[in-house]
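Chemist: Can you keep this structure in mind? I'll have questions shortly.
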Amino acid sequence: MLPAQLGPNTRQRWQKVLYKRQPFPDNYVDQSFLEKLRKNIHARKYQYRAVVFESGVVIQQLCSVCVFVVIWRYMDVGLLAPQWLFGAGLVTSLIGYVLFDVLDSGMGRNQSGQTRWADLKNTVVFVAFTYGFSPVLKTLTESISTDTIYAMSSLMLLGHLIFYDYGANAAIVSSTLSLNMAIFASVCLASRLPRSLHAFVMVTFAIQIFALWPMLQKKLKARTPRCYVVATLLFALSALVGLLTISSVGMVLFALLLLSISCLCPYCLIKLQLFKDNIHGPWDEAEIKEDLSKFLM
């Protein structure tokens, strides 16, 4: 850029327009060009407690995967009977259903027009369908090696965590893809359990923890933040205790991971905001702020 002192004609004032012919070079700007420089216009100021609170979504989902793997391990080695898991899942689902209805106050039901009778029919159809196809699920991957099943399940659970909707408006977010990957992982792991009843209960449990439980925790977060924090702490403690019964080293590593995500990462985010330096000025691309939808009709 040429400074203002080098302009060919100092009598005429330079104007930042393209439609007017001026006796200045194309790359000429005057001293007023940098007066409109702005820094960090859209920068957000984060509070540490608020960031820690929002990290609870990530903690909940990591613990869900951990609890799912722990329950599968219990059933695989015979420490947990499928009848007990199905009964416990049924009771907790009923409690969660009532709690969700109380927190929602009937608003979502009135908007969707979904009745309790329709919910009951959908549940019965799903349970009957899953139970009828449980022998197929049990023998679905017999021709695939166990190592391959474990690798695919690990990748699917990792993809579930990556594509899960944590509340961020990003292109990578896909709730449908995330849920499908989790269910696929549950089918793969269920096929390695001893009996078809185990496979049926495992897939049912996967639906409860990957589909129903996130809906309840989102409602808790929106309506009762304190209860949401308590539920997150209890759920994380349950996951750590369950993991401790399988591997003490794994429990320690998982605890460090949870502490890093909930405490260390928010601290680093806030500190890194001090080094943020986005500049805005006349060189930015033009933005059309007028509503153009009327021209598209």
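The values are calculated or read from the model by the stated rules, or taken from the named source; none is laboratory data. All of these numbers come straight from a predicted model, not from anything done at the bench. As a convention, Cβ positions derive from the backbone with ideal geometry for all residues, glycine included, and neighbour counts pool all protein chains shown. Heads up: the accessible areas ignore ligands, DNA and RNA and are worked out on the full protein's heavy atoms, side chains in. Shrake-Rupley method; radii C 1.70, N 1.55, O 1.52, S 1.80 Å.
Chemist: Checking G113 against (1) without any contact (Cβ under 8 Å) to a residue 12 or more places away in the chain; (2) on the phi < 0 side of the Ramachandran plot, which single condition isn't satisfied?
Modeler: Only one criterion is unmet by G113, namely (2).
Chemist: I would also like to ask the following. Is one or more of the residues making up region 149-159 modelled with pLDDT under 90, within 20 Å of F200 (Cα to Cα), in a helix (DSSP H, G or I) and β-branched (V, I, T)?
Modeler: For region 149-159, residues modelled with pLDDT under 90, within 20 Å of F200 (Cα to Cα), in a helix (DSSP H, G or I) and β-branched (V, I, T): absent.
Chemist: Same structure again: Output the number of residues of region 206-221 satisfying the condition of being open to solvent by 30 Å² or more (accessible area, probe 1.4 Å) and either aromatic (F, W, Y) or free of Cβ contacts under 8 Å to residues at least 40 places away in the same chain (or both).
Modeler: Adding up the residues that qualify gives 2.
Chemist: While we're on this one: Taking the conditions exactly as written (under 17 Å from the mean Cα position of the chain (by Cα) and surrounded by 13 or more Cβ atoms within 10 Å (Cβ to Cβ)), does C188 satisfy them or not?
Modeler: no
Chemist: Report, by residue number, each residue of region 124-143 that is outside any helix (DSSP H, G or I) and either among the hydroxyl-bearing types (S, T, Y) or open to solvent by less than 60 Å² (accessible area, probe 1.4 Å) (or both). Walk me through how you get there before you give the answer.
Modeler: Here is the first cut: in region 124-143, the residues outside any helix (DSSP H, G or I) are 133, 139-143.
Once the filter is applied, which keeps residues that are outside any helix (DSSP H, G or I) and either among the hydroxyl-bearing types (S, T, Y) or open to solvent by less than 60 Å² (accessible area, probe 1.4 Å) (or both), region 124-143 yields T139, T141, S143.
Chemist: Quick check on region 38-72: of everything there that is out of contact with any Gly (no Cβ under 9 Å at 6 or more places or on another chain) and among the charged types (D, E, K, R), which residue is farthest from L158 (Cα to Cα)?
Modeler: K39
Chemist: Has region 58-76 got at least one residue that is over 29 Å from S262 (Cα atoms), surrounded by 12 or more Cβ atoms within 10 Å (Cβ to Cβ) and free of Cβ contacts under 8 Å to residues at least 12 places away in the same chain?
Modeler: no
Chemist: Residues L253, L240, L220, L257: which one is within 13 Å of V57 (Cα to Cα), modelled with pLDDT of 90 or more and either over 18 Å from the mean Cα position of the chain (by Cα) or of a type in the set (A, V, I, L, M) (or both)?
Modeler: Going through L253, L240, L220, L257 in turn, the sole match is L220.
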